[in-house]
Structures are given as structure tokens and as C-alpha cells.
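These notes concern the structure reproduced below.
The values are calculated or read from the model by the stated rules, or taken from the named source; none is laboratory data. Just so you know, these numbers come straight off a predicted model, no measurement behind them. In this analysis, Cβ positions are derived from the backbone assuming ideal geometry, glycine residues included, and neighbour counts consider all displayed protein chains. With ligands, DNA and RNA removed, areas are computed over all heavy atoms of the protein, side chains included. Shrake-Rupley method; radii C 1.70, N 1.55, O 1.52, S 1.80 Å.
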Amino acid sequence: ENQKNIGLQLYSIRDAMDADTPGSLKKVSDLGYKYVELAGYSDGKFYGYAPAEFNKLVTDLGMEVLSSHTQVEAAGITMDNAKIMADAHAELNAKYCVQPWVQEEDRNIEYYKKMVDDLNQVGEVMKEVGIQFGYHNHNFEFDSFDGVVPYYDILLPGMDPDLITMEIDLYWVTKAGQDPVEMFNSYPGRFQLFHLKDMYEKTEPYFDIQKDDIAPVGEGLIDFRRIMAAKEKAGMKYFIV
């Protein structure tokens, strides 16, 4: 029953995807995954394939394209390239398109405020072609700027829930010292996508990107049962390894 809504974020196997895209997708399908989330969008293509072509690679293997992390442009997203991006994702037949990153030099209050406005507009463009836009967090959004925590004080209040859903990364949230279940209780229905990765060590909260403690799901300390028990409250539709 549970396998129905499990996907794999292909960033997890990025080297293999670069080396052999069709062969790697075949292995993902053989493992039993039903959905894939891409991390290879560039110039209107996905891993170098035209959108419809990539979709066919996936559907021929009995899987579906769930979502795509789009390449982030440091200069910000213009409405022109948002439209190109939306059209490419519509051709890909993705359900979601997700903004996955904020450049280090942009992690400040002013930028986050501007970003929220921009992303709402992108969400509007995506909605017009039937795609749900989303935002994937790391840990840096929970850093405090004189008591202002961007995730809670700028992103969640500023993002239109209809236009942007949250793809909550349970590893990064935990590393930032946050409790996912409390987040769901405070902001019910905002988290359609869960990113699952585990951690080996309980550390003090930190806000720079350190990936040395990422563990396979179930091998670490994160209590996924407790989090999954709250998935209705979260509004979760799919979870992604």
C-alpha cells in the first residue's frame, strides 16, 4: 500500500544518471520505485533529453515523473524563463516543479522577501499549465537574523499556499533544530512533499551546509514513524527518498 506514493530524488544517484541515464532509470524501476524526482533541468531539457523524450524513458519503465528540482539561476528567475520552465515541465508531464536552493550570498532578509514575491509569480505561471510549484528547504532558512527566522517569518507567511507547497526536507529541518511534527501542527496542509533522509548523529543546530552525516532512511536517529503518523496534518501526498 505504502509503495504507491514513494519516489526517488535522482540527485541521490547523480553520478550514475550522468554516466548512463537510461540504465540508471532501469535500476530505479527494478528497485520498485513508482516515481522519480529530477535534478537535471537545463536549457529546456532534462538530463540532456527533450521533455517528452525523458518522460517516455520513465513511463516505458512503468514509473511516473513526479517532480523536478529546477536549476537555480543566481540572478533570479525572470518571467520569461519561468514560462520556458513551465512549458518544459508541462511537456515532461511533471506534477510538481520545485525550487531547491538559495545561493549563499543571497541568504539575507532582503533577498528572501524579494524571492517570495518572485516565487509567487512563478507559482502562478506554473499553475496556468497545471503544475504545482514548490519550495525545498535546507537548514539555512532557519538561521535567525536578529530574531527573524526566514522560514517562519518570511517564507511561510509570504508564500501563497495555493501557488507554492513546501517540500520539507526532514534531514535539514532536523539539523536546524526543528521538529517537523510541530511544524505540521502550526502550518497544517502546507507540506505536500516529504524528503526523507536520515542522520546518524544528534548535533547542535547548525545552518551551514554539511552533508557528512546523511544516512539511509531507517539507519539513523530520525523518528520517521512519528513524522509519518502526522502526514495527514501535514497535507502530505508523496514522499521522496
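Structure values in brief
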| quantity | calculated |
| --- | --- |
| Residue identified as crowded, with 17+ Cβ neighbours inside 10 Å and under 20 Å from ILE209 (Cα atoms) among VAL102, VAL58, VAL65 | VAL102 |
| Residue match in region 210-224 (condition: of a type outside the set (A, V, I, L, M, F, W, C), touching a residue at least 40 places away in the same chain (Cβ under 8 Å) and either surrounded by fewer than 14 Cβ atoms within 10 Å (Cβ to Cβ) or farther than 27 Å from MET63 by Cβ (or both)) | no |
| Residue count, region 216-240 (criterion: of a type in the set (Val, Ile, Thr) and over 14 Å from PRO180 (Cα atoms)) | 2 |
| TYR11, sole failed condition from (1) under 19 Å from PHE239 (Cβ atoms); (2) crowded, with 16+ Cβ neighbours inside 10 Å; (3) not polar (S, T, N, Q) | (2) |
| Where ASP30 falls short, out of the listed (1) among the charged types (D, E, K, R); (2) under 25 Å from THR165 (Cβ atoms); (3) modelled with pLDDT of 95 or more; (4) out of contact with any strand residue (DSSP E or B) (no Cβ under 9 Å at 6 or more places or on another chain) | (2) |
| Qualifying residue in region 38-52 (condition: touching a residue at least 40 places away in the same chain (Cβ under 8 Å), open to solvent by 50 Å² or more (accessible area, probe 1.4 Å) and under 30 Å from LYS113 (Cα atoms)) | yes |
